[in-house]
Amino acid sequence: MSATFTLDGRTIPFTEGQTILQAAVAAGAYIPHLCFHPDFKPHGSCKVCTVKVGGRHAASCTARAAAGAVVESDTPEMNAERRALVQMLFVEGNHFCPSCEKSGDCKLQATAYDLGVVSPHFDHFYPDRPVDASHPDVLLDFNRCILCSLCVRASRDVDRKNVFALAGRGIRTRLIANSRTGRLADTDFSHADKAAHVCPVGVILHKRRGFDTPIGKRVFDLKPISARADSTAEIAAVEADGS
Amino acid sequence: MPSPLLQAPAPAEAAATAMARHRHDPFELLQVLREVQEACGWIPPEAIDCIQARLALPRAKILGVATFYSFLHIKPCGRYRILFSDNITDRMLGSAALMDRMCRALWVERGKVSEDALVSVDTTSCTGLCDQGPALLVNGLAVGRLGERRVDDICELVRGKVPLGEWPAEFFRVEDNIRRRDVLLGASWRPGEALAAALARGPEALVEEMKASKLRGRGGAGFPAGLKWQACREAPGKTRYLVGNADEGEPGNFKDRVLLASSPDAVFEGMTLGAYATGARRGFLYLRGEYRFLLDRLEAVLARRRAAGLLGEAILGRKGFDFDVAIHVGAGAYVCGEESALIESLEGKRGTPRNRPPYPVTNGYLGQPTVVNNVETFAASCLVALKGGAWYAGLGTPESTGTKLVCVSGDCDRPGIYEYPFGVEVRQVLADCGARLTQAVQVSGPSGACVPAAEFGRRLAFEDLPTAGALMAFNAQRDMFEVARNFVHFFAHESCGFCTPCRVGTSLLTNMMDKLANGHGSPYDFAEIERMNLLLQNMSHCGLGHSACNPVLGTIAKFRPAYERRLAHEAFEPAFDLDRALASARQMTGRDDPAAHVQPEMDETA
């Protein structure tokens, strides 16, 4: 019998060393998250997965599961705070869901819908983020970057290429490509890389197949993200399918 | 002294020299970049080519590091790079007007490089010269006591392209301003004496004395130093490291500067004691970039101590007791004062705080057990070694033993360093420094507490007002809203950008405070500010985000009228101001006549 904790009253088993979110995902329970991916070491930057453990805030992707812990996640208080974080991500970049070819497959959009985000709430920053269309197979639209570092981690830890990195600091933090020109075409990036298939939003876009799956039939058009216990794997499956 | 830049070396040569000096160790990336910056005035792409090839690092990683630190530049920023310290104390002494004066005289816009690529002028976070401000950095070197005359002189020197080495030495003189000495600054003992006392006792006994002294961390958090040393000593690991934290970026703090200038032997001897107690063989002094001017002096002290057998192999003749200290110079990042971010920075990375646990004491530098203590903590440990833990525990208060270096600045006659036993009342400090009609003091800097006059009976101690040292006094003329706004700007500038709430939230908070300052505030904005503060406190990754709201929460609680004055409108107003937005158009056309301004709409009821 493995140890357990409770998530909103539901009993979740875990193995030694697992974090709260890892255990929840394995058990098919949903805690909203953006920078977490089950294939990678938890990072803890987006903070959308923040829960209350014994009454204290903690990022569930990095907080170790402990036997008997009482975890609160799907509460009006936590969801209100998450909503604010998601709104912050929207105003920090330039997100135009209606014209974005990732619409329906985007975790930011799906999470926002699920949390009941109906407006950006905060004043927009309108950053100037030019796109990089240099690569023959992949377009980089930095306007939608939420700085989750998944592509950085995938390229470094799986592809062993270090194609991406974060640069700058604070509100000027940005994603860069590993070449003297800064262009993706001048790196050794390939659309078959793991890094090409982990973007939860619409930064890394595969050319010529943007609308292979029509709007309305995409992952989160069919079911809200909270009803998909393993949404990350589903998106990955969709992407792998077409590449 | 940094290169005067009359003849900058070729980028490749500068990179090769810097890498050789650091044994081509990729973990020394930040030091290599800093030295290239110093030699060339920026980090040219050709230098990055060499570093990329020789250290076998991805270019994007090098750029990621180079763009994280404020004092590193991957674009030319002028042969003279002038940065005005932008702490509230500098502002109170007129720094904004002085910077405008310099910009006008040098025909340069703030934040931009002059057309002839000669000079750039901008602001930077507090440079730690609050007791002798307003201050600036020129090519990384501190200049204090600015006035119109000195600013004009600097403009002349810049225009004349005079190398920094030929500038008047008086400009670069930094005073210690020690106003009150107690057991630490007043001690007179010979270098090596504390070590000899420790060697006579043995390492276990030294740890016991440290625990008995109840000496707590002087960086502000107050963790018992003896317990930290013991935990590191007992942690499993191949090797152990020790770090002296002199990255005092908290605005208003300057005690590390004075301690390193006046008692460097106490700091290094304390670090050597820590090495003896924990078994560490390598130590680092993390010196904030703003204190670059201390580097050569500190290297000389280290050399002297090596020659005297107080550092290096077989210290004081004790076989197997080997320890040495390398100085790591920061490059403008407040967040690196946080111990796990500091370790990332030591490893040549962006200064992003790590997920904790595990803590540095088990998983620190290169994943090994590491003690990070403030330099004042190390200096105080010498007194424990010399006089015993029980003696030390008798000083101060039962919960906050010993003495504290307090950095007094702001509205007072005698700013400087005051060493007091813990437990001193704020009132006493204010009387000693000649502060009058004080309405509030900010204790421990922006992340600390705002204390109004009614609470001047409170004590500087971990159990009442914990402090890293700063005490900024504000007289009745000062606007506490502007104080908080300055601090909020500071946190936004220093946010590392890792987590969403701090990266975006500190900038949103800045915009909200600016909106109030610009006269567009309403009760709605006030509620938004309070909501944002809560979010930062609850959701942020590290102490920077958690405390970014402290100045606002503190002043709202204690000086609410300063905010209410700003709520000019009853109903919500957008922050957007058409007339302000047209400023750049006015500037481009060189117009400022009434017709170039948007007239406010006529009030129909008038």
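The values are calculated or read from the model by the stated rules, or taken from the named source; none is laboratory data. Predicted, not measured: the structure shown is a model, and the values here were computed from it. All Cβ positions, glycine included, derive from the backbone under ideal geometry; neighbour counts span all protein chains shown.
Per-structure values
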item	result
Of the criteria (1) within 27 Å of B:Ala333 (Cβ to Cβ); (2) in contact with a Cys (Cβ under 9 Å, 6 or more places away or on another chain), which one B:Lys558 fails	(1)
Flag for B:Val488 being under 24 Å from the mean Cα position of the chain (by Cα), β-branched (Val, Ile, Thr), facing chain A (nearest Cβ under 8 Å) and within 30 Å of B:Arg354 (Cβ to Cβ)	no
Only listed residue being acidic (Asp, Glu), over 30 Å from B:Pro446 (Cβ atoms), in contact with a helix residue (DSSP H, G or I) (Cβ under 7 Å, 6 or more places away or on another chain) and outside the structural domain of B:Leu136 (by TED's automatic domain parsing), chosen from B:Glu28, B:Glu46	B:Glu46
Among the candidates B:Tyr291, B:Tyr286, B:Tyr359, residue that is more than 24 Å from B:His546 (Cα to Cα), aromatic (Phe, Trp, Tyr) and within 23 Å of the chain's Cα centre (by Cα)	B:Tyr291
Checklist (1) within 14 Å of chain B (Cβ to nearest Cβ); (2) farther than 20 Å from B:Arg354 by Cα applied to A:Pro13, failing item	(1)
Residues satisfying the stated conditions in the stretch B:297-321, i.e. under 25 Å from B:Glu347 (Cβ atoms) and touching a residue at least 40 places away in the same chain (Cβ under 8 Å)	B:Leu311
The one condition in (1) in contact with a strand residue (DSSP E or B) (Cβ under 7 Å, 6 or more places away or on another chain); (2) within 30 Å of B:Pro415 (Cα to Cα) that B:Leu118 fails to fulfil	(2)
Residue in the stretch B:281-302 that is farther than 29 Å from B:Glu38 by Cα and not β-branched (Val, Ile, Thr) present	yes
Residue pairs meeting the criteria (Cβ under 9 Å; at least 6 apart or on separate chains; first at the interface with chain A (Cβ under 9 Å from one of its Cβ atoms) and of a type in the set (Asp, Glu), in the stretch B:45-56; second part of a helix (DSSP H, G or I) and surrounded by fewer than 20 Cβ atoms within 10 Å (Cβ to Cβ))	B:Asp49/B:Ala12
Matching residues in the stretch B:182-200 - criterion: being farther than 11 Å from B:Cys382 by Cβ and of a type outside the set (D, E, K, R)	B:Leu185, B:Gly186, B:Ser188, B:Ala196, B:Leu199, B:Ala200
Flag if A:Ala196 is surrounded by fewer than 17 Cβ atoms within 10 Å (Cβ to Cβ) and either part of a strand (DSSP E or B) or not assigned by TED's automatic domain parsing to the domain that holds A:Pro38 (or both)	no
Residue that is surrounded by the most Cβ atoms within 10 Å (Cβ to Cβ), among those in the stretch B:57-87 that are polar (S, T, N, Q) and within 14 Å of chain A (Cβ to nearest Cβ)	B:Thr67
Some residue of the stretch B:383-406 being without any contact (Cβ under 8 Å) to a residue 60 or more places away in the chain, farther than 30 Å from B:Gly423 by Cα and over 24 Å from the mean Cα position of the chain (by Cα)	no
Selection count, the stretch A:36-62, where residues are within 9 Å of another protein chain (Cβ to nearest Cβ) and not basic (Lys, Arg)	10
Cβ pairs under 8 Å, 6+ apart, first in the stretch A:42-63 and of a type in the set (Lys, Arg), second modelled with pLDDT of 95 or more and part of a strand (DSSP E or B)	A:Lys47/A:Ala59; A:Lys52/A:Ala58; A:Lys52/A:Val71; A:Lys52/A:Glu72
All strands (runs of 3 or more DSSP E) inside the stretch B:413-503 with 2 or more residues being under 27 Å from B:Ser213 (Cβ atoms)	B:416-421, B:470-475
Filter result for A:Lys223 (under 19 Å from the mean Cα position of the chain (by Cα), modelled with pLDDT under 95 and farther than 29 Å from B:Ile74 by Cα)	yes
Cβ pairs under 8 Å, 6+ apart, first in the stretch B:407-436 and assigned by TED's automatic domain parsing to the domain that holds B:Arg91 and buried (at least 21 other Cβ atoms within 10 Å of the Cβ), second among the acidic types (Asp, Glu) and in a strand (DSSP E or B)	none
Neighbours by Cβ (under 6 Å, 6+ apart or cross-chain): first from the stretch A:207-226, assigned by TED's automatic domain parsing to the domain that holds A:Leu184; second assigned to a loop (DSSP other than H, G, I, E, B) and of a type in the set (Asp, Glu)	A:Lys207/A:Asp137; A:Gly210/A:Glu101; A:Arg218/A:Asp105; A:Val219/A:Asp105
Failed condition for B:Asp324, given (1) assigned to a helix (DSSP H, G or I); (2) surrounded by fewer than 20 Cβ atoms within 10 Å (Cβ to Cβ)	(1)
Hey, A:Ser190 polar (S, T, N, Q) and assigned to a helix (DSSP H, G or I) or not	no
Test for B:Val384: is it under 30 Å from B:His493 (Cα atoms) and either of a type outside the set (Lys, Arg) or assigned to a strand (DSSP E or B) (or both)	no
Extreme residue, surrounded by the fewest Cβ atoms within 10 Å (Cβ to Cβ), among residues of the stretch B:249-283 that are of a type in the set (Ser, Thr, Tyr) and in a helix (DSSP H, G or I)	B:Ser262
Residue count for the stretch B:559-579, restricted to those that are part of a helix (DSSP H, G or I) and surrounded by 12 or more Cβ atoms within 10 Å (Cβ to Cβ)	5
Selection count where residues are in a helix (DSSP H, G or I) and touching a residue at least 12 places away in the same chain (Cβ under 8 Å), scope the stretch B:504-522	13
Answer residue from the stretch B:518-559, given it is of a type in the set (Asp, Glu) and more than 10 Å from chain A (Cβ to nearest Cβ) and is nearest to A:Cys49 (Cα to Cα) among those	B:Glu530
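Residue by residue, here is whether (1) buried (at least 19 other Cβ atoms within 10 Å of the Cβ); (2) within 25 Å of the chain's Cα centre (by Cα); (3) not β-branched (Val, Ile, Thr) holds:
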position	(1), (2), (3)
B:Leu508	yes, yes, yes
B:Asp514	no, yes, yes
B:Tyr524	no, no, yes
B:Ala527	no, no, yes
B:Leu536	yes, yes, yes
B:Val552	yes, yes, no
B:Ile556	yes, no, no
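Every residue, every condition in (1) on the phi < 0 side of the Ramachandran plot; (2) away from chain A (no Cβ under 11 Å); (3) not β-branched (Val, Ile, Thr), yes or no:
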position: B:Phe462; (1), (2), (3): yes, yes, yes
position: B:Ala470; (1), (2), (3): yes, yes, yes
position: B:Ala473; (1), (2), (3): yes, yes, yes
position: B:Asp479; (1), (2), (3): yes, yes, yes
position: B:Val483; (1), (2), (3): yes, yes, no
position: B:Glu494; (1), (2), (3): yes, no, yes
position: B:Val504; (1), (2), (3): yes, no, no
position: B:Leu508; (1), (2), (3): yes, no, yes
